[in-house]
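Data first, discussion second: the structure below is written as structure tokens.
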Amino acid sequence: MADALMILTDQFREIITEQFQSNPEFYEVEDEAIEDFARDAADEAISNIRWHLALGECLRLESIATESQISRSELELRISEGELLALEGRYDTFLPIWQFRDARAPLLEEAAREVLEIFRTTLGQCYRPENVISWACTAQPELDDHEPRQVIANPTMRDGIRRSALIAARGLAT
């Protein structure tokens, strides 16, 4: 990782020097600032990868619309109202598969429906799908340190899932 950061830092230094060599007094950048720029650029570059890892296996909105015979606009409405969990990417909308009973149709697992309701009602206008996605991919003590997305379909975990979602949503609301 240190080598990769050094390469990024050197590239930033080279580009900054090239861009401002005609006016060095106008813009001098300290090495520490260049390293910060490089770290920020690396974080930005991999942020989409991080979200895809958090989402887990997904379906694209268009494929769900095609397979389920539900219009794209109806699915988008359900997403905007928080009845389906999705993360909008740059070019597509991704729906984590763990929320569905059947991957070919947008029928939610009962526990997933309850979780979305808990987050929506607890957070109100502050509801964001990113919060649910982050919660779902993080081991929860109420679920014996399982990730909610791993056990959402397990009926014996339903009380723990509700409790965990409520604790997380209340924590975000404060």
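The values are calculated or read from the model by the stated rules, or taken from the named source; none is laboratory data. Note that the coordinates shown come from a computational prediction; the quantities given were computed from them, not determined experimentally. With ideal geometry, Cβ positions are generated from the backbone for all residues, glycine too; neighbour counts draw on all protein chains shown.
Would you check if Arg163 is among the basic types (Lys, Arg) and modelled with pLDDT under 95? When the stated conditions are applied, Arg163 does not pass them.
Rundown of residues vs (1) under 30 Å from Ile7 (Cβ atoms); (2) out of contact with any Cys (no Cβ under 7 Å at 6 or more places or on another chain); (3) assigned by TED's automatic domain parsing to the domain that holds Leu123; (4) of a type in the set (A, V, I, L, M), yes/no style:
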position	(1), (2), (3), (4)
Ala33	yes, yes, no, yes
Phe37	yes, yes, no, no
Ala42	yes, yes, no, yes
Ala45	yes, yes, no, yes
Asn48	yes, yes, no, no
Ala65	no, yes, yes, yes
Ser68	no, yes, yes, no
Leu77	no, yes, yes, yes
Glu81	no, yes, yes, no
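Selection over the stretch 88-126 of residues that are crowded, with 21+ Cβ neighbours inside 10 Å, assigned to a strand (DSSP E or B) and aliphatic (A, V, I, L, M) gives a count of 1.
Checked against (1) within 20 Å of Ile161 (Cβ to Cβ); (2) part of a helix (DSSP H, G or I); (3) of a type in the set (Asp, Glu), Glu67 passes all but condition (1). Of everything in the stretch 144-165, what is of a type outside the set (D, E, K, R) and under 16 Å from Trp98 (Cα atoms)? Give them in sequence order. The answer is His146, Pro148, Gln150, Val151, Ile152, Ala153, Asn154, Pro155, Met157, Ile161, Ala165.
With out of contact with any Pro (no Cβ under 6 Å at 6 or more places or on another chain), at pLDDT 85 or above and closer than 26 Å to Arg158 by Cβ as the only criterion, which of Glu88, Glu62, Glu57 stands out? Lay out the reasoning, then the answer.
Values: Glu88 fails: closer than 26 Å to Arg158 by Cβ; Glu62 fails: closer than 26 Å to Arg158 by Cβ.
Every option except Glu57 fails the conditions.
Within the stretch 124-140, the set of residues being closer than 23 Å to Glu57 by Cα and of a type outside the set (Ser, Thr, Tyr) comprises Arg128, Pro129, Glu130, Asn131, Val132, Ile133, Trp135, Ala136, Cys137, Ala139, Gln140. Every listed requirement among (1) at pLDDT below 75; (2) outside any helix (DSSP H, G or I); (3) within 24 Å of Gln150 (Cα to Cα) is met by Asn48 save one, (2).
Just the residues that are in contact with a helix residue (DSSP H, G or I) (Cβ under 7 Å, 6 or more places away or on another chain) and either in contact (Cβ under 8 Å) with a residue 24 or more places away in the chain or polar (S, T, N, Q) (or both), please, taken from the stretch 140-166.
Residues satisfying the conditions are Gln140, Glu142, Pro148, Arg149, Ile152, Met157, Arg158, Ile161, Arg162, Ser164, Ala165, Leu166.
Of all residues in the stretch 76-87, those satisfying the criterion of being touching a Ser or Thr at 6+ places or on another chain (Cβ under 8 Å), outside any loop (DSSP other than H, G, I, E, B) and of a type in the set (A, V, I, L, M) are Ile79, Leu87.
Among residues belonging to the stretch 1-27 that are loosely packed, with under 10 Cβ neighbours inside 10 Å and more than 29 Å from the chain's Cα centre (by Cα), point out the one that is modelled with the highest pLDDT. Break it down stepwise before answering.
Narrowing the stretch 1-27 to residues loosely packed, with under 10 Cβ neighbours inside 10 Å: 1-3, 18, 21-26.
If we keep only those that are more than 29 Å from the chain's Cα centre (by Cα) as well, we get 18, 21-26.
Values: Glu18: 75, Gln21: 68, Ser22: 67, Asn23: 65, Pro24: 61, Glu25: 61, Phe26: 56.
Among those residues, the one meeting the criterion is Glu18.
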